[in-house]
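In what follows, a structure is listed as structure tokens, so that the remarks can point back to it.
The values are calculated or read from the model by the stated rules, or taken from the named source; none is laboratory data. None of the values given here were measured: they were computed from a predicted structure. Here the Cβ positions follow ideal geometry from the backbone for every residue, glycine too, while neighbour counts run over all protein chains shown.
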Ligand SMILES: Nc1ncnc2c1ncn2[C@@H]1O[C@H](COP(=O)(O)OP(=O)(O)OP(=O)(O)O)[C@@H](O)[C@H]1O
Ligand SMILES: [Mg+2]
């Protein structure tokens with residue numbers, strides 16, 4: 001129904017003397033229905049990276065119902081029954097409908113997990129006018145932490161919900177209530193949520209895999225590099241539990257991106273660390289990345305479980321069922337192996353040695369690491385310039401035929417430049433680095449598409465080979481053939497647009513953007 | 001949005017009783033629903049305990065859109081809203097006659113609601129007036145309650161004649177028998193004769209004192225006593241109406 005009237009939430013100091021709603025309403029022309037008392041458990045949910053919260057929504061369950069609310073108004077946008085495995089869920093755990101659509105809009109890839117649980121004691125009244133017509137509801141709620149029920153309520157709120165057409169009448173009531181309470185405060189659902197989270201020691205939105213460090217251009221680059229490495233390592237650490245529990249595929253993805261970033265810093269900031277130590281960790285981290293690669297590859301296919309079949313003619317779709325079933329069971333095995341590794345003594349040792357290395361703030365021997373004491377700003381400019389020039393140089397060398405290896409290599413060059421720019425982004429004015437990054441991203445998209453297709457084609461080819469050795473079912477062969485054709489078309493499309501997209505990157509305009517970015521006078 | 005007008009030239013035949021009960025059933029099964037009380041007596045508003053805001057009046061109603069929007073009120077039942085009538089509606093006819101295209105006025109005024117509700121019911125006042133003409137062109141179905149008497153059949157035929165004379169599509173008219181008393185021979189005879197005539201719904205509503213008690217409950221009987229004989233009859237009527245191809 002259209003524009004619902006506004007809800008008011010009044011917060012009351014939980015320690016203040018008991019507030020009696022019926023008593024306060026005695027002096028208004030309205031009366032209350034018989035109260036409905038309820039004691040329920042309320043769970044709040046969000047993705048690991050707080051996607052609901054940052055979209056202005058709250059996801060909460062009470063009893064068997066789970067709802068998505070607009071935080072600013074507390075209005076329920078959609079609701080459904082709690083899925084049987086209620087600790088974590090994704091859109092696919094619900095039958096198709098508004099609720100599951102909204103969930104997948106908030107995040108298609110991330111699972112929603114239980115953040116915190118509260119006991120809610122509520123009294124609900126309908127507010128009646130002199131004709132005994134309901135004009136709205138008043139809900140008085142006392143909320144306590146599940147972990148510390150004895151401490152009593154941590155939040156006491158009164159919510160007024162006018163029915164459509166009765167905002168004015170309920171306004172009288174609001175005034176009466178607010179007038180009675182000296183220190184009342186109006187809240188929205190986001191405010192309630194934030195306040196409840198604070199009581200459980202959480203801050204919504206405190207996790208992000210994006211680099212948010214603010215670097216000091218004057219600091220020695222050794223110090224800045226360590227800070228960056230500590231940051232990426234922390235991100236890895238944050239994601240370990242989610243990988244091991246297989247909550248969603250983004251935990252592993254973020255973990256791998258952070259790992260790649262760390263390796264990239266070690267490799268690109270030459271002369272900043274003792275080369276012997278740096279090379280040793282580069283090798284170890286590369287091995288670690290290798291251990292996680294197979295799982296990620298399978299995740300990528302499983303994420304296409306709907307799109308792949310949908311891109312084939314209906315008669316070929318069924319052939320992919322055994323393909324995905326095979327990947328699912330392979331994934332299980334590989335996940336178990338990685339899980340075991342992450343809990344192993346070997347991994348624990350590697351990480352603690354790595355973390356110990358990151359905690360040494362003393363400058364390395366200048367003989368071995370001559371660049372360690374250079375100012376971060378200068379180091380950033382030099383390394384970005386070098387990396388950028390390399391992309392330009394190698395990009396220009398790509399032949400008319402745009403061979404596979406040429407594009408593969410250029411993609412790696414681009415990635416290195418991208419990481420450098422992201423590490424040092426905080427040193428540059430965001431309106432300068434933003435446009436330069438945007439140019440780079442466009443080129444990367446083209447190359448990324450090409451390489452992804454190549455990797456997929458190879459994987460599918462191997463899968464087909466293996467299947468044919470075991471007497472391949474013709475349905476599977478046909479489906480995979482169809483899929484390969486489609487991927488090949490996409491890949492050739494990406495190949496054919498490479499030169500055009502590189503020309504945009506290798507333009508005077510982009511060059512001017514980079515030159516301006518990398519000129520010293522930009523820093524303050 | 002489908003629009004259904006409860007209409008008859010004769011008064012006191014159960015228009016309001018049907019509008020209130022059918023709209024409640026509609027809100028249950030194909031929400032959301034709006035009931036527009038077009039009768040200055042405000043009987044359906046009364047059944048839902050709703051009075052119009054002091055500022056609402058017939059000229060606001062004629063202004064349409066925004067004014068209508070802000071005067072819609074929620075009933076005590078989920079997904080069922082009501083646009084209350086106001087005593088000033090008694091002037092609607094005079095005011096309509098000053099409009100350029102009075103017959104199209106209602107339809108135009110309700111256009112903005114078309115995304116908000118799946119069904120709109122009009123509870124009309126009796127008589128054949130400019131307002132009823134406006135209702136005829138705004139409604140997908142003109143639902144006519146009839147007490148099974150020869151006089152009712154006569155007025156029903158007058159309505160059909162009016163439609164024919166004014167080039168209106170008489171296929172939109174649906175009639176049903178109400179306040180049926182099986183022990184009365186005339187009721188039995190009339191239903192036997194017209195019960196399966198084209199445009200007549202098969203379901204009839206019996207005479208039942210529970211319906212009168214709606215004035216005491218001040219709520220749809222279908223909500224308060226869903227299992228009473230009359231409620232079941234309204235439910236049958238609603239289902240037959242929905243099964244018909246027009247809705
Ligand atoms: N099936 C029924 N059985 C018994 N009484 C009924 C039935 N239907 C309606 N009534 C009663 O008959 C009276 C008239 O009904 P209602 O108000 O619904 O008719 P109406 O056509 O809307 O009247 P008006 O033309 O005045 O608007 C009311 O008192 C109502 O309670
Ligand atoms: Mg009436």
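Here is how the numbers come out for the structure above:
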read-out	value
Members of region B:195-217 that are in contact with a helix residue (DSSP H, G or I) (Cβ under 6 Å, 6 or more places away or on another chain) and part of a loop (DSSP other than H, G, I, E, B)	B:201, B:203, B:205, B:208
Residue within region B:4-12 that is within 14 Å of chain A (Cβ to nearest Cβ) and away from ligand 1 (no atom under 14 Å from the Cβ) present	no
Failed criterion for residue B:112 (all others in (1) within 16 Å of ligand 2 (Cβ to nearest atom); (2) touching a residue at least 40 places away in the same chain (Cβ under 8 Å) hold)	(1)
Residue, surrounded by the fewest Cβ atoms within 10 Å (Cβ to Cβ), within region A:395-427, restricted to residues that are touching a helix residue (DSSP H, G or I) at 6+ places or on another chain (Cβ under 7 Å) and part of a loop (DSSP other than H, G, I, E, B)	A:399
Residue under evaluation residue B:59, criteria (1) more than 16 Å from ligand 2 (Cβ to nearest atom); (2) within 17 Å of residue B:115 (Cα to Cα), criterion not met	(2)
In region B:93-146, the residues that are within 16 Å of the chain's Cα centre (by Cα), within 16 Å of ligand 1 (Cβ to nearest atom) and either modelled with pLDDT under 85 or surrounded by fewer than 20 Cβ atoms within 10 Å (Cβ to Cβ) (or both)	B:126, B:127, B:128, B:129
Residue B:189 being assigned to a loop (DSSP other than H, G, I, E, B), more than 21 Å from residue B:46 (Cα to Cα) and more than 17 Å from the chain's Cα centre (by Cα)	no
Region B:6-36: number of residues that are near ligand 2 (Cβ under 9 Å from one of its atoms) and touching a helix residue (DSSP H, G or I) at 6+ places or on another chain (Cβ under 6 Å)	4
Qualifying residue in region A:157-178 (condition: part of a helix (DSSP H, G or I) and within 32 Å of the chain's Cα centre (by Cα))	no
Residue selected from region B:13-34 under the condition surrounded by fewer than 24 Cβ atoms within 10 Å (Cβ to Cβ) and within 16 Å of ligand 1 (Cβ to nearest atom), by the criterion nearest to the other protein chains (Cβ to nearest Cβ)	B:14
Residue in region B:47-56 that is touching a residue at least 40 places away in the same chain (Cβ under 8 Å), within 13 Å of chain A (Cβ to nearest Cβ), within 24 Å of residue B:140 (Cβ to Cβ) and within 16 Å of ligand 1 (Cβ to nearest atom) present	yes
Residue list for region B:222-233, restricted to those being part of a helix (DSSP H, G or I) and more than 9 Å from ligand 1 (Cβ to nearest atom)	B:222, B:223, B:224, B:229, B:231, B:232
Any hit, region B:202-212, residues being touching a strand residue (DSSP E or B) at 6+ places or on another chain (Cβ under 7 Å), modelled with pLDDT of 95 or more, more than 16 Å from ligand 1 (Cβ to nearest atom) and away from every other protein chain (no Cβ under 14 Å)	no
Lone unmet requirement of (1) within 24 Å of residue B:107 (Cβ to Cβ); (2) within 12 Å of ligand 2 (Cβ to nearest atom); (3) in contact with a helix residue (DSSP H, G or I) (Cβ under 7 Å, 6 or more places away or on another chain); (4) not in a loop (DSSP other than H, G, I, E, B) for residue B:3	(2)
Residue list for region B:68-99, filter: over 11 Å from residue B:52 (Cβ atoms) and at the interface with chain A (Cβ under 9 Å from one of its Cβ atoms)	B:69, B:70, B:74, B:75, B:76, B:79, B:81
Residue within region A:164-180 that is more than 14 Å from chain B (Cβ to nearest Cβ), crowded, with 18+ Cβ neighbours inside 10 Å, closer than 30 Å to residue B:219 by Cβ and touching a helix residue (DSSP H, G or I) at 6+ places or on another chain (Cβ under 8 Å) present	yes
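Conditions (1) outside the structural domain of residue A:115 (by TED's automatic domain parsing); (2) touching a helix residue (DSSP H, G or I) at 6+ places or on another chain (Cβ under 8 Å); (3) part of a helix (DSSP H, G or I); (4) over 30 Å from residue A:475 (Cα atoms), marked per residue:
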residue: A:215; (1), (2), (3), (4): yes, yes, no, yes
residue: A:230; (1), (2), (3), (4): yes, yes, yes, yes
residue: A:260; (1), (2), (3), (4): yes, yes, yes, yes
residue: A:266; (1), (2), (3), (4): yes, yes, yes, yes
residue: A:271; (1), (2), (3), (4): yes, no, no, yes
residue: A:285; (1), (2), (3), (4): yes, yes, yes, yes
residue: A:296; (1), (2), (3), (4): yes, yes, yes, no
residue: A:309; (1), (2), (3), (4): yes, yes, yes, no
